[in-house]
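*Asks:* Structure provided below as structure tokens; questions to follow.
The values are calculated or read from the model by the stated rules, or taken from the named source; none is laboratory data. None of these values were measured; they are calculated from a predicted model. Don't worry about glycine lacking a Cβ; one is built from the backbone with ideal geometry, like all the others, and counts go over all protein chains shown. Each accessible area value is taken on the protein alone, full model and side chains, heavy atoms only, with ligands, DNA and RNA left out. Shrake-Rupley method; radii C 1.70, N 1.55, O 1.52, S 1.80 Å.
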Amino acid sequence: MLRAAVDYHQQMEQLPGLGLPVGSLWCIGRNYAEHARELGNAVPQAPVVFLKPASSLAGDGATVAWPADIGAVHHEVELVVAIGRGGSGIPRETALAHVAGYAVGIDLTARDQQAKAKAAGLPWTEAKGRDGFAPLSRFVPAAAVADPAALTLTLRVDGALRQEGRAADMLWDIPSLIAYLSERFTLRPGDAIFTGTPPGVGPLSPGNRVEAELGPGLARLTLTIAR
Ligand code: ZN
């Protein structure tokens with residue numbers, strides 16, 4: 001069965017809170033050593049980069065659905081960085097001047113499909129890119145965040161704490177990610193970077209209510225998994 005999880009007319013056209021058009025969704029894998037280990041992956045020597053389609057975005061309060069035959073779908077809470085000023089070859093030292101804002105997002109992942117793709121040496125797009133697989137809170141303007149390394153993340157499922165992380169624990173911090181990406185790809189205003197997930201990922205079930213927070217107290221995201 002194939003069905004759209006987000007009605008076409010509810011597709012997100014702007015990054016919430018920033019008024020920037022939705023650009024590319026860059027995603028970083030294995031950016032917290034403890035999460036790499038929990039999935040049995042080596043800690044990488046360079047950032048792992050993949051993309052989600054813009055159509056996978058969903059806003060705060062969304063209900064997300066997927067067909068049962070895709071197997072387990074895991075939550076990955078992530079700090080999301082919006083690019084306000086584009087560029088290529090951006091030096092690490094000035095990278096934060098390109099950031100428009102920060103949000104909390106969830107990189108929903110069809111884990112069984114991803115495992116099959118990994119084993120076959122195939123891309124992860126089907127496991128990562130379905131409609132609704134990139135829920136996103138409103139962005140907090142960068143000017144309101146004095147030190148992005150001090151940001152924290154939490155994710156609760158039906159009230160129980162499942163994931164907790166600190167931006168300070170990233171293997172590649174935000175300036176390093178912007179420098180790495182922009183050395184290889186031109187970043188454009190409205191691009192968003194999902195910066196990887198801390199440990200504690202796990203499966204979601206129909207009817208679950210998921211709450212994610214960008215701390216301390218900056219942004220919240222709620223999500224319901226359709227029954
Ligand atoms: Zn992720």
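*Asks:* Looking only at residues in region 90-126 that are surrounded by 22 or more Cβ atoms within 10 Å (Cβ to Cβ) and among the small types (Gly, Ala, Ser), which one is farthest from the chain's Cα centre (by Cα)?
*Replies:* The residue in question is Ala95.
*Asks:* Does region 127-138 hold any residues that are away from the ligand (no atom under 15 Å from the Cβ) and open to solvent by 10 Å² or more (accessible area, probe 1.4 Å), and which are they?
*Replies:* Of everything in region 127-138, those that are away from the ligand (no atom under 15 Å from the Cβ) and open to solvent by 10 Å² or more (accessible area, probe 1.4 Å) turn out to be Asp131, Arg138.
*Asks:* Take region 35-46 and flag every residue that is within 14 Å of the ligand (Cβ to nearest atom) and among the polar types (S, T, N, Q).
*Replies:* Going through region 35-46, the residues within 14 Å of the ligand (Cβ to nearest atom) turn out to be 35-36, 38-39, 41, 44.
Selection gives Asn41 alone.
*Asks:* If you check Ala46, Ala36, Ala54, which single one turns out to be farther than 23 Å from Gly86 by Cβ and among the small types (Gly, Ala, Ser)?
*Replies:* Going through Ala46, Ala36, Ala54 in turn, the sole match is Ala36.
*Asks:* In the set Gly165, Gly196, Gly207, which member is in a loop (DSSP other than H, G, I, E, B) and within 15 Å of the ligand (Cβ to nearest atom)?
*Replies:* Just a single option satisfies the conditions, and that option is Gly196.
Residue-by-condition table, conditions (1) open to solvent by 30 Å² or more (accessible area, probe 1.4 Å); (2) within 12 Å of the ligand (Cβ to nearest atom):
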position	(1), (2)
Gly19	yes, no
Val22	yes, no
Trp26	no, yes
Ala33	no, no
Val48	yes, yes
Lys52	no, yes
Ser88	yes, no
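*Asks:* Among residues belonging to region 107-123 that are outside any helix (DSSP H, G or I) and out of contact with any Cys (no Cβ under 9 Å at 6 or more places or on another chain), point out the one that is farthest from the ligand (Cβ to nearest atom). Step through it out loud before you land on a result.
*Replies:* Keep residues of region 107-123 that are outside any helix (DSSP H, G or I), which gives 107-110, 121-123.
Subsequent filtering for residues that are out of contact with any Cys (no Cβ under 9 Å at 6 or more places or on another chain) retains 108-110, 121-123.
Values: Leu108: 9, Thr109: 7, Ala110: 12, Gly121: 20, Leu122: 18, Pro123: 15 Å.
The extreme case among them is Gly121.
*Asks:* Still on this structure, I have one more. Does region 139-159 hold any residues that are in contact with a Phe, Trp or Tyr (Cβ under 6 Å, 6 or more places away or on another chain) and either surrounded by fewer than 19 Cβ atoms within 10 Å (Cβ to Cβ) or in a helix (DSSP H, G or I) (or both), and which are they?
*Replies:* Result: Val145, single match.
*Asks:* Considering Leu181, Leu221, which residue is part of a strand (DSSP E or B), surrounded by 19 or more Cβ atoms within 10 Å (Cβ to Cβ) and at pLDDT 95 or above? So that I can check it myself, show each step before the final result.
*Replies:* Working: Leu181 fails: part of a strand (DSSP E or B).
Exactly one of Leu181, Leu221 is part of a strand (DSSP E or B), surrounded by 19 or more Cβ atoms within 10 Å (Cβ to Cβ) and at pLDDT 95 or above, namely Leu221.
*Asks:* Inside region 58-79, can you point out the residues that are more than 16 Å from the ligand (Cβ to nearest atom) and assigned to a strand (DSSP E or B)?
*Replies:* Passing the criteria: Ala62, Thr63.
*Asks:* Which pairs do you get when a residue that is farther than 18 Å from Pro198 by Cα, found in region 100-114, comes within reach of a residue that is assigned to a strand (DSSP E or B) and open to solvent by 10 Å² or more (accessible area, probe 1.4 Å), reach meaning Cβ atoms under 8 angstrom, with the pair 6+ apart or on two chains?
*Replies:* Ala100/Leu20; Ala100/Pro141; Gly101/Val140; Gly101/Pro141
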